[in-house]
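The values are calculated or read from the model by the stated rules, or taken from the named source; none is laboratory data. From a predicted model like this one, the values you see are computed outputs, not experimental measurements. Cβ placement follows ideal geometry from the backbone for every residue including glycine, while neighbour counts extend to all protein chains displayed. In case anyone asks, the SASA skips ligands and DNA or RNA and just uses the protein heavy atoms, side chains included. Shrake-Rupley method; radii C 1.70, N 1.55, O 1.52, S 1.80 Å.
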Amino acid sequence: MTVLIPFASLEPSPWKNGGGSTTEIAVFPPEAAFDEFDWRISLATIEKDGPFSVFPGIDRTLALIEGAGTNLDFDGERRFFLSEDDPVVEFAGESSVVATVANGPTTDFNVMTRRSRCHHRLGRRTLDGICEFAPRGDVTILFLADGESLSVCSDSERIGMVRFDAVVFDTDTVWKLEAGRATVLVVDIFID
């Protein structure tokens, strides 16, 4: 079954360290706690410098949505500047990650999958007009990262999306995506 998740219906949760907030978009199993989920999709707003939470056994992908960027220090050994030029980074949840905000707050799309149960791929597409879309994962989530609106339709359904809305797809259907100009993030989750 295909499910629209309107961003307007979601509530942000402040971080314990006061450095930002997270808005959970989708989690499986539904309402699973941090130590119980198989996969989790969220938006994070990083407002201040500080460490990320540690998630042993979790594979993570971050994609920059808004802001000038964030310097990420991994285990004191590797630095990565999450920016418009390099908008996506993958890392292990058990890594010690310290974020340094470059020039004001950022908003990042966050994908987490439990390594022992599933894995994910994150793709980024720019849309202009009409195109076909066939979900590839056991679960596929499409997120409207940029653009005013997006129409998603099949032979039997039509879904209207606005910025930051997400759709969890019925993976047996080929869809048409229609937008004036939009950027979408596609998360394919594969159950192991």
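Observations on the model:
- Per residue accessible area in Å² of the chain, where ligands, DNA and RNA are left out and the probe is 1.4 Å: 51
- Rg to Rh, two decimals, where region 10-114 supplies the alpha carbon set and Rh follows Kirkwood: 0.94
- Charging the Cβ of each Asp and Glu at -1 and of each Lys and Arg at +1, and nothing else, the dipole of region 10-114 about its Cα centre rounds to 160 debye.
- Our note on the geometry: Cα centres of region 56-79 and region 101-166, 19 Å apart.
- Overall, the accessible surface of the chain at a probe of 1.4 angstrom is composed of carbon and sulfur to the extent of 48 percent.
- The per residue volume of the convex hull around the alpha-carbon atoms of region 77-120 is 98 Å³.
- A crude spin-label estimate for the pair residue 192 and residue 23, with each label 7 Å from Cα along the Cβ direction, gives 3.1 nm.
- Within the shell of other residues whose beta carbon sits under 15 angstrom from the beta carbon of residue 154, the net charge comes to -4, with Lys and Arg scored +1 and Asp and Glu -1.
- Modelled this way, with points 7 Å down the Cα-to-C-beta line, the labels at residue 126 and residue 84 are 1.1 nm from one another.
- P(r) weight above 15 Å for region 118-191, C-alpha pairs, percent: 49
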